[in-house]
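What follows is a single structure, written as structure tokens, with notes after it.
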Amino acid sequence: MQVKSEVTIKFSGELPTATPAANKKVEVSLTDQNEVVFTALINAKSWRKAETNANEFADWAGVISGKLGQRTENGFEIIEAGIQLFEKKPKEPKPEEGAAVAEAGAS
């Protein structure tokens, strides 16, 4: 049997704080609702793209995903991590049911 541990950390509202790290990476830490801290090293170029998207998108949500790494004092490492931001589109208002039925009957 082969088993892989992968993790996706979702966030919104603001980007987590990034600190420069070695090898053109930045270190990001996120704390979840259970006070578990997830730490990831992310490619600096990917981080800059995420920053640009956060500024350009009116409303967005983000994810950091990768493989679950070693346990740390307060949480876990995420290894081979990547980051993506997705623009949240406003939901289309649903047409009223009565209007759709009236249109169908008029044909």
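Whenever a residue of region 44-67 is open to solvent by 50 Å² or more (accessible area, probe 1.4 Å), its partners that are at pLDDT 95 or above and not β-branched (V, I, T), lying with C-beta atoms within less than 6 angstrom and at least six residues away or across chains, give the pairs K67/E80.
With respect to (1) open to solvent by less than 70 Å² (accessible area, probe 1.4 Å); (2) in contact (Cβ under 8 Å) with a residue 12 or more places away in the chain, the lone exception for T31 is condition (1).
Yes/no per residue for (1) of a type in the set (A, V, I, L, M, F, W, C); (2) under 16 Å from E6 (Cα atoms):
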site: N53; (1), (2): no, no
site: G62; (1), (2): no, no
site: A81; (1), (2): yes, yes
site: Q84; (1), (2): no, yes
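Counting only residues that are exposed (fewer than 10 other Cβ atoms within 10 Å of the Cβ) and among the charged types (D, E, K, R), which one in region 3-19 is farthest from W47 (Cα to Cα)? Among those residues, the one meeting the criterion is K4. A single entry from D32, D59 fulfils the requirement of being modelled with pLDDT under 95, among the charged types (D, E, K, R) and in contact with a Lys or Arg (Cβ under 7 Å, 6 or more places away or on another chain): D59.
The values are calculated or read from the model by the stated rules, or taken from the named source; none is laboratory data. Source: prediction; values computed, not measured. Glycine also receives a Cβ, built like all others from the backbone with ideal geometry; neighbour counts cover every protein chain displayed. Each accessible area value is taken on the protein alone, full model and side chains, heavy atoms only, with ligands, DNA and RNA left out. Shrake-Rupley method; radii C 1.70, N 1.55, O 1.52, S 1.80 Å.
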